[in-house]
Amino acid sequence: MFCTNCGNENEDGARFCTGCGEVMGESGLRSDGSEPRTESGGTDERAGNDREQMLGVSTSERRELLAGVVNTQVASGYRIESQVDFLVVLVRGNRVNHVLHLLITLFTCGLWGLVWLILVVAGGEKRLKVSVDEWGNINSSRV
């Protein structure tokens, strides 16, 4: 089964893409392939979605979602700084070595100070916090 969002190949019956975290098979079908039924016996696509929204998603689905997002970010250059059940802090870049830049600034009579200032403002580590809540929503923010 291939993801319609990113084209990643996933296991048959997977609810979420391991590449991008997108929900697989948004056709309103149950995992067994049948349509959700209303109390009157007819089919209603919203019935299955409403029930799932009321119950939230399971812990394994939340972990699967988070793993997909983390894999995508790691492939784009981030590294994992810390991780707990449903929260990951990712880091990109390297710290600025202030001692080295201070010494170079002193040896160049202050000329290197401009380069050091640019590196402090534009360079350094960039942190990204990614979490999955109990409803399966992925939240990411810069820290």
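The values are calculated or read from the model by the stated rules, or taken from the named source; none is laboratory data. This one's a predicted model, so the numbers in the text were calculated from it and none came from an experiment. We place every Cβ from the backbone using ideal geometry, glycine too, and count neighbours over all the protein chains shown.
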Quiz item: Among the residues of the stretch 61-86, how many are surrounded by fewer than 14 Cβ atoms within 10 Å (Cβ to Cβ) and either over 13 Å from T18 (Cβ atoms) or modelled with pLDDT under 90 (or both)?
Solution: 8
Quiz item: Taking the stretch 74-110, which residues are part of a loop (DSSP other than H, G, I, E, B), under 15 Å from L128 (Cα atoms) and in contact with a Lys or Arg (Cβ under 9 Å, 6 or more places away or on another chain)?
Solution: S76, G77, Y78, F86, G93
Exercise. Please give the number of the condition F107 fails out of (1) more than 24 Å from N8 (Cβ to Cβ); (2) in contact with a helix residue (DSSP H, G or I) (Cβ under 8 Å, 6 or more places away or on another chain).
Key: (2)
Exercise. Scan the stretch 95-130 for residues that are without any contact (Cβ under 8 Å) to a residue 60 or more places away in the chain, surrounded by 11 or more Cβ atoms within 10 Å (Cβ to Cβ) and within 26 Å of Q73 (Cα to Cα) and jot them down.
Key: V96, N97, L119, V120, G123, G124, E125, K126, R127, L128, K129
